[in-house]
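Undergrad: I have a structure I would like to understand better, so I am pasting it below and will then ask my questions one at a time.
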Ligand code: DGL
């Protein structure tokens, strides 16, 4: 394995940085190329066919160009729809990001779990299967929260967003049958941990927030065990579409060890 070969982290936007942050905690020496498909954002309102074609096509081209040692789809929407297809087209290990229903089910005391994701994620059979496998006998209440994707993108750019968006997600969940019994919240979109403070303010500190970032980072470490990494250089942050879409992210990128944003 070439010691310069990067890990490719892929998301529709900045959400996958929550996975990147967890990965850097455990594998700071690994070179990373983070690819944000800002030209395709948001994925949540797209059809399954659109997402699958886009994600498999982009990851195929990116893998060809950068020869990564591993790819991580740091996006629940893309993973729950296209993980199998991407694994079919890439010849490297591909790690997906799927809703953290298993740890949430282990954590809940009331037996009622809330799940917030994109419109596309919450309707996936993949999520039905996780529920059946890990949360049988518990209650999993799902809501789509597409507005939070834009809010997280804005927050990381230091731009204002409407806090009522977060309160509205809380209210929609609370109004569902047994909604007031939720003690554990699955953040089933990688953007949402960027709003952890706002979600805590809306749901209360007693509601545990669960996401998959740490688990994914541990999985990557496991898969790369024994591999060498070249001397650290700035990581790369690459966007599809015009570079102007990354305006405002400079501080967030510099703080995470990235060089200036580039286009794909
Ligand atoms: N970050 C993505 C996820 O984890 C989706 C955001 C979007 O493009 O709608 O689901």
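Every read-out reported here was derived from the displayed coordinates using simple, explicitly stated rules and does not represent laboratory data. Just so it is clear, the structure is predicted and the values come from calculations on it, not from any experiment. Note that each Cβ is placed from the backbone with ideal geometry, even for glycine, and that neighbours are counted across all protein chains shown.
Undergrad: Restricting the search to segment 101-126, which residues are surrounded by 18 or more Cβ atoms within 10 Å (Cβ to Cβ), assigned to a loop (DSSP other than H, G, I, E, B) and touching a helix residue (DSSP H, G or I) at 6+ places or on another chain (Cβ under 7 Å)?
TA: Correct list: 118, 124.
Undergrad: Limited to segment 32-41, what total is found for residues that are crowded, with 21+ Cβ neighbours inside 10 Å and closer than 10 Å to residue 12 by Cα?
TA: Within segment 32-41, residues that are crowded, with 21+ Cβ neighbours inside 10 Å and closer than 10 Å to residue 12 by Cα number 5.
Undergrad: A further question on this structure: Is it the case that segment 30-44 has a residue that's more than 10 Å from the ligand (Cβ to nearest atom) and more than 18 Å from residue 65 (Cβ to Cβ)? Write out each step before concluding.
TA: Just the residues of segment 30-44 that are more than 10 Å from the ligand (Cβ to nearest atom), to begin with: 30-35, 39.
Then drop every residue that is not more than 18 Å from residue 65 (Cβ to Cβ), which leaves 30.
Taking every residue of segment 30-44 in turn, at least one turns out to be more than 10 Å from the ligand (Cβ to nearest atom) and more than 18 Å from residue 65 (Cβ to Cβ).
Undergrad: Identify, from the list 92, 73, 81, the residue that is touching a residue at least 24 places away in the same chain (Cβ under 8 Å) and more than 15 Å from the chain's Cα centre (by Cα).
TA: Step by step, each of 92, 73, 81 is checked, and only 92 is touching a residue at least 24 places away in the same chain (Cβ under 8 Å) and more than 15 Å from the chain's Cα centre (by Cα).
Undergrad: While we're here: Can you pull out every residue in segment 214-260 that is under 27 Å from residue 2 (Cβ atoms) and surrounded by 20 or more Cβ atoms within 10 Å (Cβ to Cβ)?
TA: Selection gives 216, 217, 220, 235, 237, 238, 239, 253, 258.
Undergrad: State whether one or more residues within segment 58-68 are within 15 Å of the ligand (Cβ to nearest atom), more than 27 Å from residue 202 (Cβ to Cβ) and assigned to a helix (DSSP H, G or I).
TA: Start the filter on segment 58-68 by keeping residues that are within 15 Å of the ligand (Cβ to nearest atom), which leaves 58-59.
Among the residues that remain, those that are also more than 27 Å from residue 202 (Cβ to Cβ) are: 58-59.
With the extra rule that they be assigned to a helix (DSSP H, G or I), the set shrinks to 58-59.
Yes.
Undergrad: Only one residue in 97, 77 is buried (at least 24 other Cβ atoms within 10 Å of the Cβ), in a loop (DSSP other than H, G, I, E, B) and within 12 Å of the ligand (Cβ to nearest atom). Which one?
TA: Checking each option against the conditions leaves just 97.
The rows are residues; the columns are (1) within 16 Å of the ligand (Cβ to nearest atom); (2) under 20 Å from residue 11 (Cα atoms); (3) surrounded by fewer than 22 Cβ atoms within 10 Å (Cβ to Cβ).
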| site | (1), (2), (3) |
| --- | --- |
| 128 | no, no, yes |
| 133 | no, no, yes |
| 147 | yes, yes, yes |
| 191 | yes, yes, no |
| 198 | no, no, yes |
| 202 | no, no, yes |
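Undergrad: Could you please find all residues in segment 219-249 being in contact with a helix residue (DSSP H, G or I) (Cβ under 7 Å, 6 or more places away or on another chain) and not in a loop (DSSP other than H, G, I, E, B)?
TA: Across segment 219-249, the qualifying residues are 220, 221, 237, 239.
Undergrad: Select from segment 243-264 the residues that are in contact with a strand residue (DSSP E or B) (Cβ under 8 Å, 6 or more places away or on another chain) and in contact (Cβ under 8 Å) with a residue 40 or more places away in the chain and list them in ascending order.
TA: Selection gives 245, 246, 249, 256, 257, 258, 264.
Undergrad: Can you pull out the residues in segment 7-38 that are farther than 13 Å from residue 238 by Cα and in a loop (DSSP other than H, G, I, E, B)?
TA: Hits for segment 7-38 are 15, 27, 28, 29, 30, 31.
Undergrad: Conditions: (1) in contact with a helix residue (DSSP H, G or I) (Cβ under 6 Å, 6 or more places away or on another chain); (2) in a helix (DSSP H, G or I). Residue 190 meets all but one. Number of the miss?
TA: Unmet condition: (2).
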